[in-house]
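Engineer: Starting off with a structure, shown below.
The values are calculated or read from the model by the stated rules, or taken from the named source; none is laboratory data. For clarity, every value in this text was computed on a predicted model and none was experimentally measured. FYI the Cβ positions are ideal-geometry reconstructions off the backbone, even for glycines, and counts take in every protein chain you see.
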Amino acid sequence: MFPEVWQRVVRGSYGSAPAVAQGYRRFAVQGYLYPGMIAQAGAHVAGLVYFDVDAADLARLDAFEGDEYRREIVHVIADPDMSIPVSAYLYSPAEKLSKSAWHPEEFDLQGFLNTYCGFRPV
């Protein structure tokens, strides 16, 4: 979602495009700066799709996301006339999510970078 975070986790350079995942919603994770995305009928999540991410960078992303996120295939709308399958990280366990929706415009990006991205994985 945020290029500043992406660039601290992956090594490669990838093309990207805005996309929307229909049937999903982001909630704040209780006690943390970041969100968790879960399936929810009638909702949608706007974000970015990165194309042709290599296996090494997928492994870096998996490690960064940790055990409470699982990478799954979801379909997103990247163009009004095109739905494509992509990998997305869904959050589990849902009971750790707040009841409040998470809004990217309220995200403390610098605080997140300082707390979770003060490294560059090898």
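Engineer: Hey, can you tell me all the residues within the stretch 2-14 that are surrounded by 15 or more Cβ atoms within 10 Å (Cβ to Cβ) and touching a residue at least 60 places away in the same chain (Cβ under 8 Å)? I'd like the intermediate steps shown before the answer.
Structural biologist: Taking the stretch 2-14 first, the residues surrounded by 15 or more Cβ atoms within 10 Å (Cβ to Cβ) are 2, 5-6, 8-10.
Once the filter is applied, which keeps residues that are surrounded by 15 or more Cβ atoms within 10 Å (Cβ to Cβ) and touching a residue at least 60 places away in the same chain (Cβ under 8 Å), the stretch 2-14 yields 2, 5, 8, 9.
Engineer: Still on this structure: What's the number of the only condition in (1) closer than 22 Å to residue 14 by Cβ; (2) among the acidic types (Asp, Glu); (3) touching a strand residue (DSSP E or B) at 6+ places or on another chain (Cβ under 7 Å) that residue 52 fails to meet?
Structural biologist: The failed condition is (3).
Engineer: Does residue 58 satisfy the condition of being under 28 Å from residue 114 (Cβ atoms), in contact with an Asp or Glu (Cβ under 7 Å, 6 or more places away or on another chain) and touching a residue at least 12 places away in the same chain (Cβ under 8 Å)?
Structural biologist: The answer is no for residue 58.
Each row is one residue, and each column tells you yes or no for (1) within 24 Å of residue 109 (Cβ to Cβ); (2) modelled with pLDDT of 95 or more; (3) among the hydroxyl-bearing types (Ser, Thr, Tyr); (4) in contact with a His (Cβ under 6 Å, 6 or more places away or on another chain).
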{"position": "8", "(1), (2), (3), (4)": "yes, no, no, no"}
{"position": "29", "(1), (2), (3), (4)": "yes, no, no, no"}
{"position": "34", "(1), (2), (3), (4)": "yes, no, yes, no"}
{"position": "88", "(1), (2), (3), (4)": "yes, yes, no, no"}
{"position": "95", "(1), (2), (3), (4)": "no, no, no, no"}
